[in-house]
Every structure is written in C-alpha cells, then in structure tokens.
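Participant: Input: one structure, supplied below.
The values are calculated or read from the model by the stated rules, or taken from the named source; none is laboratory data. Bear in mind the structure is a predicted one, so any value in this text is a computation, not a measurement. Heads up, the Cβs are rebuilt from the backbone with ideal geometry, glycines too, and the neighbour counts pull from every protein chain shown. Accessible surface areas use protein heavy atoms only, side chains included; no ligands, DNA or RNA. Shrake-Rupley method; radii C 1.70, N 1.55, O 1.52, S 1.80 Å.
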Amino acid sequence: MTEIHDEGATVAERVERRWAAVAVLIIVFLAGMAAFAGIHQATMPQTTVETIDPTTIHLQGEFVESNLGSAVGADGSVTVRAVGQQYSFSPPCLLVPSRTPITIRATSADVVHGLLVQGTNINTMLVPGYVSVQKATFSEPGEHLMPCQEFCSVGHEGMWGKVKVVDKQQFLSELADKRRISCAP
Amino acid sequence: MLHNRRLILAHFWLAFAVFAAALLLGAWQMYVRSPLSPWISNPEWYYRSLTAHGTVMGYVFPTLVAMAFGYAISETSLKQNLVGLRWAWAGFWLIAVGAVVAMIPVALGLASVLYTFYPPLIGSPFYYIGVVMVVLGSWIWVALMSINLRIWKKENPGTPVPLPMFANVAGSYLWAWTAVGAALELLLQIIPVALGFKSTIDAGLARVFFSWTLHAIVYFWLMPTYIAYYTIVPRAIGGRIYSDTMARISFILFLVVAMPIGIHHAFADPQVGAGFKFLHSVFTALVALPTLLTVFTICASVEIAARARGGRGAFGWMGALPWRNPMMLAVTFSFVMLGFGGAGGLINMSYQLDTTIHNTQWITGHFHLIFGGAIVIMYFAIAYDLWPHLTGRPIASLGLVRLQLWLWFVGMIVTTFPWHYVGILGMPRRMSFFDYTDPALANEAVSVVLSAIGGVILAASGILFIFILISTQFSQPRQIEDYRFALAVHPPTRVPVALNSYGLWIALMIGLTVTNYGYPILQLAARDDTSVPAVYVGER
C-alpha cells in the first residue's frame, strides 16, 4: 500500500513541478516583453523627475499663461504645454499637428489631476510640484475629448478639455504669425 | 471546537452590516451616474457616497472578515482556546469606534477625499484618525495570531503548523507590513496638515507611500479567499488538498512578493523615474506566480473529489462534481472572475499597456471583478460554511444560497464587463456624471445603463445574503459536528523549517520593500522643493 502511495506522490510532484515551470516561463515571457518594448521605446515612462513650484507657475517660468499651448522649437519639434487646475485645463483645447512627434509637458496648479486623451494612449498624472512629460504622435486629424481622469474634488466631473488634431500644413500656417497656439475659443 | 463564538460572530456581523450599507451606496452611485437618472442634483453627494463606499469596502469590511476568520482558524485548526480574548475585544471596539469616527465627517461632506486620500486635498482630521483606529485595531489581531501560534508551537515541538493557521498568520504579517505605507503617509504627512500644524505637503511622496499599501492590501483581502480555496473547498465537496507543500509555497510567495510592487499604481506619475517603474512591473508579474500555482492545485484538488465520486476521462470528471453544492458553485464563480480579473491585472501591470487604461473605468472593472467578485463571493462561502458552527443552527435553505451566489456572479459580470469596455474607450473613473448628450460620449450610455442594472442585481444578492444569515440565526438549533478543515492527499508529517516558520520570509519581505521603495522615498523626502500648499475640503 505504501509503495502505491509513494508512487502516486512522485507522479503528483512531477506534474506539479512541470506546472510551476510553465508558470515561471509565462512570467519570464511577460517581463521580457515589457523589457523589450521598453528598450525599443514603444512607450517609455519619463526617465527623469522634474520639479516645479505650483504657487508661482502662473507668474514665472515655463507655464506662464502666454507660454501655454503648442509651439515649434528651433529644431522643428512640437511641444505642447498645459496646466490643470480645479476645474479646467489651460488651455482648454490643445491644437496639434497630425503625423508629427510631439511632446506634452504639463503640471498642476493645485491638486492632483489626470490628463487622458480619448482614443489614444496619452494618459498621465498631473501631480502638483512635478512636471509630467509624455511623447505622442497623432495619426489622423480629428477631435478628441481630454477628461481629467483623477478625482480632484467636487467639480471633477466638469473638467473636460479637448484636443484638435489638424493637418501639419494647416498647423504650421496657423502658427505662422504667433509664438503659441491653441484652439481655445 | 469554537469557544469564542460571540467574538467571531461580532466581527462577522459588523463586517456584513457595513458591507450591506456600502453595497447599497454603490448601487445608488451607479444609478445616479447613468443616463437613467435625469441629472444629478448635487455631485457632492456622489463623492461623499464614493468615499464611504471605498473606505468601508477597502478597509473595514475585509479587515473584519480576515479577523473573524482568523480567530476561527486559530481556535479550530490549533485546537487551542484563544489567548488574549480581552485584547481581541479591544481590537474589535477600536475598529467599530474608528469606523464611526471616520464616517461622520464623510457623511457631513467634510472628507470627500475618497479612500485613497489624494493629498494635497485634505479633509477633516477625524476621517484620517478613524482610519488609523481601524488599522490599530487590526494590528492587535496580528499580534494575537502570532502569539497564539507561538504558544501552540511551544506545546507541539516539531509538528507541522496546520496549513490554515500557517496561511492565516502569513496573511496577518502581510497586512501588518503593508499597512505601514499608508500609516506613514497618514501620521507623517496628512494628519499634521489636517490638524493645522503644517500647511504644505509633498503630494508625490504621499502617493509613493500609499502605493506601498495599495497593492499588497489586495493580497490581504485575498488571503481569506485563498485559505478557503485550499482548506475549505476540498473538504466541502468531498476531496483532498492536492499538495500541502505547494499551498505553503503559495502563501509564502504572497508574503514576499506582494509587497515590493506597488509603484505599478504610479506608472503614469511624474515623481518616480522609469527604472523603478520597470522594477515594479517585473515584480508585479512575479506575484502572478502564487495565483497560477493555486489555480493548478485547486483544480487538481477538485478533480480528486470528482474522481472519488466516480468521474472518469480527461474532462468527463467535471460532470461528476457536486454542482448543487454551494461551495462548488462559489469556487467556480470565484475562479471564473479571478480568470477575467487576473487577465486584466496582467494588462495593468505592463507599463506599456497600462497607459491605455490607466485611471479609466477599466480599472474600476478590474478590481471589482477581483475584490467584489472573486474574493467577496468566497467571503460569502466562508460565512455559509462557518455559520452553522457559530450559531449551532444549519443554514435554512441551500436553494436560497445557490440563488444568492448566482445573483452575485451574474451581477458582477453585468457590472464589470461594460466598465472594461468603456474604459478602453477612455471613460475616466470617479466621476459623478457624464454628459451623455455629447456625441463623443453617447455610445457609452448603454454600457453605463448595463452596469447600473448589474448594481441592482448585486444589491439584491447582498440583501438575500443578509436575509439567509439572519434566518439561520433564528432557525431551530441542531447538533452540529465539529468544524474541520480539508486534509491533504499526503498529509505532511515533517515540513522543512522554512515552510513552517516565517523568519526568513519576513526578512525577505522587508528587505525587498526597502530595496524597491527606499531610494524613491528617500529621494523625494530629501528634496525640499516638492511640498505644495494643502487644499482643504468642505467648509471650515
């Protein structure tokens, strides 16, 4: 009897070991995929931590009102700057060119907000005291809703921005005589 | 033999009473944010309700269930009377009073900060103090579980610790350590500001502290469920535990790797660099391991029961399972929901895929499927299993029990599947209402209505659950046999020290937490330029 018993135990253990090995392989595969996609910059979270004083952003530095919206740098790259505050985004409508790599730089003036562009995987947190950076490319012209995705107190449900994607030529012609542009009314 | 029935019943009843109240709030929330309700009159009520729902469901309810089950396990598996009964009652009252202290400011609208706090939003200090009291009460339980096991070990040298108690104490240590993150956030950061000693706070650092708690707390919620999988289900359906060793390994893995992974909740945050995010992503993948092992072991244990009942063939044995047995139903539903929820979890843990669904309704769908679904349905099963032994009365109607479990399962699927869908469309979570007249949102309306219907089904199931417990409590007493746990196919006669004690694993748990959190926390704590003014909630 004990012999049969022991044999059963050996079989049970072997099956169990095999399953454990399969489980480990699944996990190694998943982590490997994450590493691969990360190294190839499919979507990398921002690498450096940037800080900013939320009490003075309206007065000085990168996020003063006149510097918000879309701009083209000396190297031709497009940067979009935005600020979240209870209960709106400034500017409330972002104008961006299609088929062009852009960098979104955003922060919060008061509490924690979130910036999500529907229909894309642009999605980041705006934490007061820190600057969020995200790179993106819009493939087609069109309009997207941009809700605040993080609870920011009563009024959170009213915090909806917009993103308007236009053809690159149109974007550049609208920008021609201005330093910064947005589609805010 | 259960001696301290009053203690255990008090914990269970308080747990299920607050659960029922929070469940009704949840159903109400789904109704008012759906197109079925013409327009919400005051969004503030929604956020009060959401804060209460989250606080009760996240902190009070699972903690009380784990404590009640833990006391029952300690008595029945060690066959030893509970030591520290007075302390246990003190812990219970700390939680009961703490819950009231926390909920009064929430009801008054002075603490609508949701259960994850969101500094620099700052609510009434009483809310946070109430939460701290709940945690302190539960830490008494942690100490009692440890002490009771120690006493038993002294009297039974060399004997393997019974599996239920081994898992129970692992769960209590997991909780003690994971609660430290939120405790540091509350005591060092939030409460001084709430009391007015300080007016600024580092929101980024607070989010890192909270992430320390935020994921492992889920594994604390999950512990009673997994203990039930391993040590109740096989007995209830006439089977055996396939492997006692694998069960121990699973619980140890939870203890060690559930902790250092919380930064995956901050993948989209600007205050943590990419390196630590990747590290936490990998560790999060690792925590799938104990679940994969458990799924195998439990399916194998169930198969043993089926074959013992005459089941044959590669898959034919499934038909021989006791499908009318409530425990069989509960574990099946739980596994189905764990499967869907776990697949969603693997998507959340990948820091590439996470950006698509971060903070959308998908996340709400995911954790309701895991916690509200896979975990809570086993809490029901635990209650049904223990109730006859706690009250001396058999469950009044097994038909009603089956109906209740079915309603919960269907309700949870109907609620969460549409949430996953609108989440992919980019619907943000934690919003009191949506403007469904906007053409871009109009196509989400149907899904939200479906979820609200799911909420009604869940509320009905919850009420039925309470009804079954009460009616059992008032039925005819009968002789109930002693409570026992499932046996392993090969019961352990000797277990290696490593699988019979926690020292090594606690050291690993703390060591890994320090390596995975130490640098991000120190880096942020050392900076003096990241504190921002507090924003107080409600009238002051």
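Participant: Can you tell me which of (1) under 30 Å from B:Trp45 (Cβ atoms); (2) within 12 Å of chain B (Cβ to nearest Cβ) is the one A:Gln134 doesn't meet?
Facilitator: Evaluating A:Gln134 over (1) under 30 Å from B:Trp45 (Cβ atoms); (2) within 12 Å of chain B (Cβ to nearest Cβ) leaves (1) as the failure.
Participant: For the condition without any contact (Cβ under 8 Å) to a residue 40 or more places away in the chain and within 14 Å of another protein chain (Cβ to nearest Cβ), what is the one hit in B:Ala488, B:Ala442?
Facilitator: Criteria check complete, one pass: B:Ala442.
Participant: Name every residue in the range B:239-255 that is aliphatic (A, V, I, L, M) and surrounded by fewer than 23 Cβ atoms within 10 Å (Cβ to Cβ), in order of residue number.
Facilitator: Passing the criteria: B:Ile249, B:Ile252, B:Leu253.
Participant: Filter the range B:512-540 for residues that are in a helix (DSSP H, G or I) and open to solvent by less than 30 Å² (accessible area, probe 1.4 Å); which is farthest from the other protein chains (Cβ to nearest Cβ)?
Facilitator: Out of the qualifying residues, it is B:Thr513.
Participant: Any chance the range B:76-87 includes a residue that's open to solvent by 10 Å² or more (accessible area, probe 1.4 Å), among the hydroxyl-bearing types (Ser, Thr, Tyr) and in contact (Cβ under 8 Å) with a residue 40 or more places away in the chain?
Facilitator: yes
Participant: Looking at (1) open to solvent by less than 10 Å² (accessible area, probe 1.4 Å); (2) within 9 Å of chain A (Cβ to nearest Cβ), find the lone condition where B:Gly275 falls short.
Facilitator: (1)
Participant: Can you confirm whether B:Ser301 is assigned to a helix (DSSP H, G or I), over 18 Å from the mean Cα position of the chain (by Cα) and within 10 Å of chain A (Cβ to nearest Cβ)?
Facilitator: No: the conditions fail for B:Ser301.
Participant: Considering every residue within the range B:259-266, establish whether at least one is surrounded by fewer than 24 Cβ atoms within 10 Å (Cβ to Cβ), under 20 Å from B:Ala66 (Cα atoms) and touching a residue at least 40 places away in the same chain (Cβ under 8 Å).
Facilitator: Within the range B:259-266, not a single residue is surrounded by fewer than 24 Cβ atoms within 10 Å (Cβ to Cβ), under 20 Å from B:Ala66 (Cα atoms) and touching a residue at least 40 places away in the same chain (Cβ under 8 Å).
Participant: Conditions first: (1) within 7 Å of chain B (Cβ to nearest Cβ); (2) at negative phi. A:Ile102 passes all but one, so which condition is the exception?
Facilitator: Exception for A:Ile102: condition (1).
Participant: Filter the range B:1-12 down to the residues that are in contact with a helix residue (DSSP H, G or I) (Cβ under 8 Å, 6 or more places away or on another chain) and in a helix (DSSP H, G or I) and list them by number.
Facilitator: Within the range B:1-12, B:Arg5, B:Leu7, B:Ile8, B:Leu9, B:Ala10, B:His11, B:Phe12 meet the criteria.
Participant: Of everything in the range B:144-184 that's polar (S, T, N, Q) and under 17 Å from B:Ala72 (Cβ atoms), which residue is surrounded by the most Cβ atoms within 10 Å (Cβ to Cβ)?
Facilitator: Residue satisfying both the conditions and the ranking: B:Asn168.
Participant: Which pairs do you get when a residue that is within 14 Å of chain A (Cβ to nearest Cβ), found in the range B:194-214, comes within reach of a residue that is charged (D, E, K, R) and in a helix (DSSP H, G or I), reach meaning Cβ atoms under 8 angstrom, with the pair 6+ apart or on two chains?
Facilitator: Note: pairs meeting the criteria are B:Ala206/B:Glu185; B:Phe209/B:Glu185; B:Phe210/B:Glu185.
Participant: Please verify whether B:Ala288 is within 30 Å of A:Asn123 (Cβ to Cβ), crowded, with 23+ Cβ neighbours inside 10 Å and hydrophobic (A, V, I, L, M, F, W, C), treating the condition exactly as stated.
Facilitator: The answer is no for B:Ala288.
Participant: Can B:Tyr351 be described as closer than 24 Å to B:Tyr219 by Cβ, away from every other protein chain (no Cβ under 14 Å) and either surrounded by fewer than 18 Cβ atoms within 10 Å (Cβ to Cβ) or of a type outside the set (Asp, Glu) (or both)?
Facilitator: For B:Tyr351, the condition - closer than 24 Å to B:Tyr219 by Cβ, away from every other protein chain (no Cβ under 14 Å) and either surrounded by fewer than 18 Cβ atoms within 10 Å (Cβ to Cβ) or of a type outside the set (Asp, Glu) (or both) - is not met.
Participant: Within the range A:9-56, work out how many residues are within 8 Å of another protein chain (Cβ to nearest Cβ) and touching a residue at least 24 places away in the same chain (Cβ under 8 Å).
Facilitator: Number satisfying all stated conditions: 7.
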